[in-house]
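Bear in mind that the values in this text are calculations on the coordinates, not laboratory data. Computed from a predicted structure; not experimentally measured. With ideal geometry, Cβ positions are generated from the backbone for all residues, glycine too; neighbour counts draw on all protein chains shown.
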Amino acid sequence: MYLKYLSIAILLIGSDVLAGEVVAVPSAWHNSHYGACYRLLETGMSDIYGPGFSQDENILQLRRQIGSPKFVIATDITSGTNAQKTVFEQRTSTEWCVVLTSPPVAALVSGTVSPTLRRPVTWTTVTQAPPGYQETKVLYKWNARQLIYTPVRCYRGEEGRWQKFNCNEAYQQ
C-alpha cells in the first residue's frame, strides 16, 4: 500500500504538467487546455498539438512581448482560414501557462495594455464565415483570480452589425 502512494507521489513530482485550479468557461471551451501550466513550452505544445508538432510545418509559434509578459501564440493552420489558437504566457523560466485558447478563428488580436497590470486587458477573436453565414466574435478579458483570459462577450454578425449572444452557444453546429 505504501508503494502505491509513493509511486503516485513520484509520478506527480516528476510530471511536466503543473497542477492548476479548475477553470469555469463556457461549454465551447470545455476539454481545452485552459489554465494548464507546463515546465517547458515544448511540453505544452506537445500536449496540445501532438508529439510531432516541431516537425509539422502547419504548427506556427509567434513569440511576442506585450506589456511585461512574454507570450507565445501557437496556431495550427492545417484547416486553412480559421485555425485553433493557443496563447502561452511565460510566468517564470520554468513555467509556461495556457492563458487563452480559442476554437478555430481567423484573427486573434490583443487589446490595450493596462498600465497597472502591464498586460493586455483583453483579446478578441473573429471567425471568417463562408458566404451566407454569420461570423463569430469573442471578447476575452483578463481574470486575475484564475490567471487566464476568459470569454466574457460573444457576438454574431459582421463588422459594424454585431449582435450579442450567450457564449455557451458559441461554435455550436
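I need the calculated FRET efficiency for the pair T116 and T94, taking r as the beta carbon distance and R₀ as 22 Å, to the nearest 0.05.
Values: r = 27 Å, r/R0 = 1.21.
Efficiency, rounded to the nearest 0.05: 0.25.
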Reach of K137 by Cα under 13 Å, taken over aspartates and glutamates that are not fewer than 8 positions away in the same chain:
E158, E159, E169
